[in-house]
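Note sheet for the following structure.
Values in this text are rule-based calculations from the coordinates and carry no lab data. These numbers come from a predicted model, not from an experiment. Neighbour counts are summed over all protein chains in view; Cβ atoms, including those assigned to glycine, are modelled from backbone coordinates with ideal geometry.
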Amino acid sequence: MTGLVHEPVVRAGDPAVCGPLAHGEDVAAHFHDFGQLRYAASGALVTTTEAGTWVAPANRITWVPPFFVHSSRSHGETDIRLLTVPAASAEQLPAEPSVFVASALLREAYLAKIGDHDPDDSPRARLLLEVVVSELARAPQEPLRLPEPADPRLKAVTDLLHADPAGPATLAELGRRTGSSERTLSRLFGSELSMSFHQWRTLLRVQRALLELGNGTSVTDTAIRLGWANPGSFIDAFTDLVGQTPGRYRSTVRAAHDPRRT
């Protein structure tokens, strides 16, 4: 399985609260012998593994299974609440990293477990963890995993796209900059990432749009910042991938960050 390792544990534990993280702050690649849930009480967190990149703005919870090497980057002033999931409970959750939409019950149980001072083996602690895992098992997953390549020729191109997702460069132009032919790169996108260059860049831009909208940027300004020709084409692409319009998503995220709810 991509991203799974069977080596000595690099980091055996983390504090329950990891933060705050400044905008753009990185957490170096590491892994655990337990599962880990990550909830951004403010800001947003991008988690990257060899299997792909996941974006988790407000009201989303990222799941990282045991032994998956993962690194992170914060967007905005980010307050991350971490929750350890023992291996036995981790078996009830997906075998690969995932991002879930947090229901009201899931969010409250999660925060209660984080703030619980009882021992992990106490009845209340076990019950809260059971609620969290049960709710996650039925929670909708975000369909926005951005696959990351292993081939160095393709990675050189995707690194350029990560650095400038709004850039208008064609695949042929990117190939000239990285020393590969357009034909080779097109074949690699299909064989390694199971999508076209256009589909991958669109998915990257939509992931970045989640962060822009979560920070309160307007739909029109987000479209312009990320390279869409007009807001209408951005709205269509975003809605196809996320399942709701960017305006609706922006309103939902801003409501989740409303301090009156905490």
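Side notes on the structure shown:
- Nearest-ten-degree value, helix 197-214 long axis tilted from longest Cα axis of the chain: 50
- Fraction of C-alpha pairs exceeding 21 angstrom in region 19-88: 17 percent, rounded to a whole number.
- Projected area averaged over orientations for region 171-262, convex hull of C-alpha atoms, nm²: 7.3
- Couplings 3J(HN,Hα) of region 77-88, computed from phi: 5, 10, 10, 9, 9, 9, 10, 7, 10, x, 3, 4 Hz, in residue order, whole Hz [Karplus 6.51 cos²θ - 1.76 cosθ + 1.60, θ = phi - 60°; x for Gly and Pro].
- Relative contact order [Cα under 8 Å, 6+ residues apart], region 16-82, whole percent: 52
- Folded to 0 to 90 degrees: helix 123-138 orientation relative to the chain principal axis, Cα: 30
- For peptides 159-172, 186-199, sequence by mean Cβ density within 10 Å, most packed first: 186-199, 159-172
- Here A150 and H23 are evaluated by their C-beta separation; at R0 = 30 Å the FRET efficiency comes out at 0.55.
- Residue-span extension gain [R126 to H162] - 0.36 nm each, minus C-alpha spacing: 8.9 nm
- Near-label residues of region 18-57 by backbone N, under 18 Å of a point 7 Å along Cα→Cβ of D118: none
- Hull shadow area, averaged, region 81-232 [alpha-carbon convex hull, nm²]: 11.6
- Other-chain or far-sequence residues with amide H under 5 Å of H32's (modelled H): F67, F68
- Approximate shape of region 159-215 as ellipsoid semi-axes (Cα gyration tensor, √5λ), whole Å, largest first: 23, 13, 7
- Expected 222 nm ellipticity per residue - DSSP helices of 4 or more, -39500 (n - 2.57), all of the chain, to 500: -13000 deg cm²/dmol
- Farthest toward the positive end of the dipole of region 36-180, out of I114, A104, S134, is the Cα of A104, where the dipole comes from beta carbon charges about the Cα centre.
- Note: relative contact order over region 92-212, using C-alpha pairs below 8 Å and six or more positions apart, is 23 percent.
- Remark: relative contact order (the chain) = 17 percent; criterion is Cα-Cα distance under 8 angstrom and separation of 6 or more residues.
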